[in-house]
Amino acid sequence: MAKVLIIDESPDWWMPFKSELGNSHSFSTLLPKKDITGHLEKQDYESILLNFQPSREDGFRLLKQIKQISPHTPVIAVSQDEKADLIVQAIKAGVFDFLVKPFLKEKLLLSIDRGLENRLLKNEIDYLRREQDVIYDFERIVARSKAMKQTMATLKKYAQTDSTILITGETGTGKSFLSGSIHYNSNRREKPFIKITCSNLPENLLESELFGHEKGAFTGADKTRVGRLEQAKGGTVFLDEIGEMSASLQAKLLRVLEEKSFERVGGNKTIFSDMRIIAATNRNLEDRVADGTFREDLYYRLNVLRLHLPPLRERTECIEPLSILHLEKICRNLKKKIDGFTPEVGDIFRNYPWPGNIRQMANTIERAVIMEEESLIRRQHVVLTEINPFVRESEKSDDNDNGTDPHTLVNIQKESILEALEKSLWIQKDAAKRLGITPRTLNYKIKKLGITHPGWRKHK
């Protein structure tokens, strides 16, 4: 039930509806000569019915006052004057709907309900915009390492342009997030931000997703569909995993970059859409150009501004603040209170190579939060064996690591192997499967780390 205010010299017109309308909403009346500004500062209404007679000037004056105090409250004009110029002026001035007396109660109720939906939608949009401003604020992005500080300095310059950007980096380094930061700190922030992952859909579906299609363009196309590029008019399109795009779609995307135009699938009408393109890949596009799987001309069109995101292992100063940030976010989502990590877990996080980067860290912390019942995340709930801890081993030297530091990579690997062996009843092939490595690699590691068990001979 909504609170509705009627501002009218003679509000008697609604009295015949009073009993029936009272079942749906709560109505109050106010004379136009009263202090409307003071009244609205004290009382909150979800809809306002405003008389636009006998003086048009009074109606517009009151409307202006209402909009200053309650900009999102839908105002429904009520009038005996049905002249088109009055209706047009009222709507331009901010009136949500215009009802000409006399009207049926059903029409009034429908107008009020539509206004309430509109108010709710505007409030939601405002909320999301505020959230996005906070989330994508450059100053809130964790950049403690020298590499990330340089990246952020470059990012701020790029955001002020309309040029195409190519973001490179390993999976999970935050390419999608930073593309959003660029958009929401650019002059296109009020326009749509559209994300498309080029590897998730078959070629024909991705083409329809990007460009849209006309009715009857293919089997199942029972109506015209507006594509994502068309929806992004005036805004930004983020094309993730651009290196996976097929050759035919690469050619069409090249035209979009050159001419800002395209046709829907099955259509002949050329559609123009001003948009900024941000592309991202974890592939080496230079190699793909060399082997002929990626168009050279498209590569140069995308590679106008280049931004490389370093992996997490190269920005170790960011690991601790990032882990705390994700812990707080996950605890809010799961409605749990955990204050932090034990010193042991903190050391493990700092020394672990994080082959899956920030995404792996977030998933690891989420699992730990779900399992933890104490105030700090403990070692037994930090599971790193599910994602192979050996994949980045070649990038670290064992020559300077004798394994005496209980939190070095070597010790983490040894703990992981011992845990997997215990869970597999010390059967090496089962432990190797659990670790995601070959039995041969596990056997090599066992010998190198000096791991033994008296029962192995009979289990082999």
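Here are the numbers:
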item: C-alpha center-to-center spacing [segment 200-271, segment 292-328] in angstrom; result: 26
item: Rounded if a/c under 1.5, otherwise prolate or oblate - segment 219-263, Cα gyration tensor axes; result: oblate
item: In sequence order, calculated HN-Hα J values of segment 168-177 (Karplus, 6.51, -1.76, 1.60; Hz; x Gly/Pro); result: 10, x, 5, 4, x, 8, x, 5, 5, 4
item: Hydrodynamic radius (Kirkwood) for segment 135-180, which is based on Cα pairs only, to one decimal in Å; result: 11.5
item: Hits among lysines - C-alpha to C-alpha of K447 under 20 Å, sequence gap 8 or more where chains match; result: K396, K414, K423, K429, K433, K458, K460
item: Helix-only mean residue ellipticity at 222 nm for the chain, each DSSP H run of n ≥ 4 adding -39500 (n - 2.57), per residue, nearest 500; result: -13500 deg cm²/dmol
item: Point-charge dipole on Cβ atoms (K/R +1, D/E -1) for segment 3-130, about Cα centre, debye to 20; result: 300
item: Segment 347-353 - phi-based ³J(HN,Hα) in whole Hz, Karplus 6.51/-1.76/1.60, Gly and Pro as x; result: 5, 4, 4, 5, 9, 6, x
item: Reduced Cα scattering model of the chain, Debye log10 I(q)/I(0), q = 0.10, 0.11, 0.12, 0.13 Å⁻¹; result: -0.96, -1.04, -1.11, -1.17
item: Modelled FRET efficiency - R0 30 Å, V226 with E286, Cβ distances, 0.05 increments; result: 0.30
item: Gain on full stretching of the segment that runs from K233 to K269 - 0.36 nm per residue minus C-alpha separation; result: 11.3 nm
item: Rough spin-label spacing in nm, given labels placed 7 Å along Cα→Cβ, for D137 and E57; result: 4.6
item: Full-stretch length increase - F218, L334 - with 0.36 nm per residue and alpha-carbon distance subtracted; result: 37.4 nm
item: Size of electric dipole in the chain: Cβ of Lys, Arg +1 and of Asp, Glu -1, about Cα centre, debye, nearest 20; result: 740
item: Bridge type composition, the chain - antiparallel percent by DSSP, nearest 5; result: 10
item: Restraint check, K18/K67; K223/K269; K67/K101; K92/K191; K42/K105, Cα-Cα greater than 19 Å; result: K18/K67; K67/K101; K92/K191; K42/K105
item: Inter-centroid distance (Cα atoms) of segment 1-15 relative to segment 81-112, Å; result: 14
item: Residues I112, I324 arranged by fewest to most Cβ contacts within 10 Å; result: I324, I112
item: Footprinting exposure proxy for R61, R119 (fewest neighbouring C-beta atoms within 10 Å first); result: R61, R119
item: Sorted by Cβ density within 10 Å, fewest first, the residues H183, H25, H308; result: H308, H25, H183
item: Distant alpha-carbon pairs in segment 3-130 (separation over 22 angstrom), percent; result: 32
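Bear in mind these aren't lab numbers, they're just calculated from the coordinates by the rules spelled out. Please read these numbers as outputs of a predicted model, since none were measured by experiment. With ideal geometry, Cβ positions are generated from the backbone for all residues, glycine too; neighbour counts draw on all protein chains shown.
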